[in-house]
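What follows is a set of notes on a single structure, which appears directly below.
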Amino acid sequence: MSFLIKDLEIKKRVILAPMAGITSFSYRKFMNEFNPGLTYTEMISDFGLIFHNKKTIDMLYSDGSDRPLAIQLFGGSKETILKAIDVLNELNLKYDVLDLNLACPVPKVTKNGSGSSWVTRPDELYDMVRAVVSYSPKPVSAKIRLGYDEVNVDTIAPLLEKAGVSFLAIHARTKKELYSGKPHFESLKNIRDEISIPFCVSGNIYEVNDALEALKITRADAVMVARGGVGNPLLIKNINEALDGNENFEKTNFDKQSELLLKLTDYMLNEKGERQTFLILRSIAPKFYLNLDLPNIKSLRSVLARDITSLDSLKNAINDYKKRELV
Ligand SMILES: Cc1cc2nc3c(=O)[nH]c(=O)nc-3n(C[C@H](O)[C@H](O)[C@H](O)COP(=O)(O)O)c2cc1C
């Protein structure tokens, strides 16, 4: 069952969440092979764009293999966000949706009036979003939380729809709750009746049943895979299967997970070079072996978290474990 973000058809009901430090081009390309309906960039700073910061511009690289793609912007004022859109236009990028980050809880972001702090200024938020919608060449979406300290999604979601947003992603926690504790999907059980635009929900989607449950409670159009998909890309494929009524989920094993990890590594090496790739991979690679019930698998995870600096050292770690524990 597909849905529309304005004129853009989203063909699958699982969406790859934006994650700063993780959802680079190579990660999106890798995950896109498991068929999410939409992928997001990491959050992109308005000032980074305005000052043509190289790191910011590099974060926008895409050859199109990660599409449909939403570029997620964060900024603290209408003026700077509009200027950032000018830079996006100049760069001639391939993307499909412009997303506004109204969800980030990190103090470095909220203290400038960006991210989740926007929802504490509803009049200014409405004015900013209306301006962005009329300025953006692409459909505009927004990512929000249930609220700041208290739940206010029942006011903010309709306000965003009225301002012209075509799609909402809602993380079922407040800003105060950051990323921990159970998400509150039940706080979103009436939102379907309060807005007409499509929306997706986010929070602790680690297994197929988490996704089915979240969709059932909220009647959302889609569900977002974030931390649960790191090291477990088959989650996206299997949620899609379940939504199509199939139950023969693809199971994984040591060799399959190793093959997937090496593929992601290859994509990252092409994008980022060796040093950057292995700095980032040390937090991602161990997750590929998290759900395997294998002897002493923790020892491999700790080597991956500490000692990998090159493709050879990664391959050696995997092969050493296999020789030691699995033959
Ligand atoms: C490391 C990390 C980075 C994140 N970065 C972003 C971001 O750049 N933009 C955003 O809207 N949400 C960001 N999020 C929030 C996720 O998109 C998602 O909504 C949240 O993690 C809840 O889903 P989960 O509990 O399934 O992980 C981030 C989350 C994590 C863990």
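Assuming a ≥ b ≥ c are the square roots of the Cα gyration tensor eigenvalues, decide whether the range 4-97 counts as rounded (a/c under 1.5), prolate (otherwise, with a/b larger than b/c) or oblate. Judged from the Cα gyration tensor, the range 4-97 comes out prolate (a/c at least 1.5, a/b above b/c). 3J(HN,Hα) couplings calculated from phi for the range 272-282 with the Karplus curve 6.51 cos²θ - 1.76 cosθ + 1.60 (θ = phi - 60°) are, in sequence order, 10, x, 5, 4, 4, 4, 7, 4, 6, 5, 4 Hz; Gly and Pro show x. Helix 153-162 and the long axis of the chain differ in direction by around 70°, with both axes built from C-alpha atoms.
Of all DSSP bridge pairs formed entirely within the range 91-209, close to 5 percent run antiparallel.
In the range 3-243, taking the dipole from charged Cβ atoms about the Cα centre, the farthest positive-side position among Asn190, Ala17, Gly228 is held by Gly228. Only bridges with both residues in the range 1-119 count here: give the DSSP antiparallel percent, nearest 5. Around 25 percent of the beta bridges assigned by DSSP in the range 1-119 are antiparallel ones. Dipole check for the range 1-58: with +1 at the C-beta of Lys and Arg, -1 at the C-beta of Asp and Glu, and the Cα centre as origin, the magnitude is about 120 Debye. For the range 158-240, the list of chymotrypsin sites (Phe, Trp or Tyr not before Pro) that fall in a loop by DSSP and count at most 16 other C-beta atoms within 10 angstrom reads Tyr179, Tyr206. Helix 122-135 axis versus longest C-alpha principal axis of the chain: approximately 80°, rounded to the nearest ten. When the listed pairs Lys108/Lys315; Lys175/Lys256; Lys54/Lys78; Lys6/Lys83; Lys55/Lys94 are checked against a 26 Å cut-off, the alpha-carbon distance exceeds it for Lys108/Lys315; Lys175/Lys256.
The magnitude of the dipole of the range 126-177, with charges of +1 and -1 set on the Cβ of Lys/Arg and Asp/Glu and taken from the Cα centre, is near 220 debye.
Here the dipole of the chain is about 700 debye; that uses its Cα centre as origin and unit charges on the Cβ of Lys and Arg (positive) and Asp and Glu (negative).
Within the range 48-152, which trypsin sites (Lys or Arg not before Pro) sit in a loop by DSSP and count at most 16 neighbouring Cβ atoms inside 10 Å?
Lys94, Lys111
If the segment from Asn89 to Glu194 were pulled out straight at 0.36 nm per residue, it would be longer than the present Cα-Cα gap by 34.5 nm.
For the range 195-257, applying the loop criterion from DSSP together with a ceiling of 12 other beta carbons within 10 Å to the trypsin sites (Lys or Arg not before Pro) yields Lys251. Here's the list of aspartates and glutamates a cross-link from Lys189 could span, going by alpha-carbon distance under 17 Å and ignoring same-chain residues fewer than 8 apart: Glu150, Asp154, Asp210, Glu213, Asp221.
Taken together, the values in this text are just the output of simple stated rules run on the coordinates, not laboratory data. Predicted model, so just to flag it, every value in this text is computed and none were measured. As a convention, Cβ positions derive from the backbone with ideal geometry for all residues, glycine included, and neighbour counts pool all protein chains shown.
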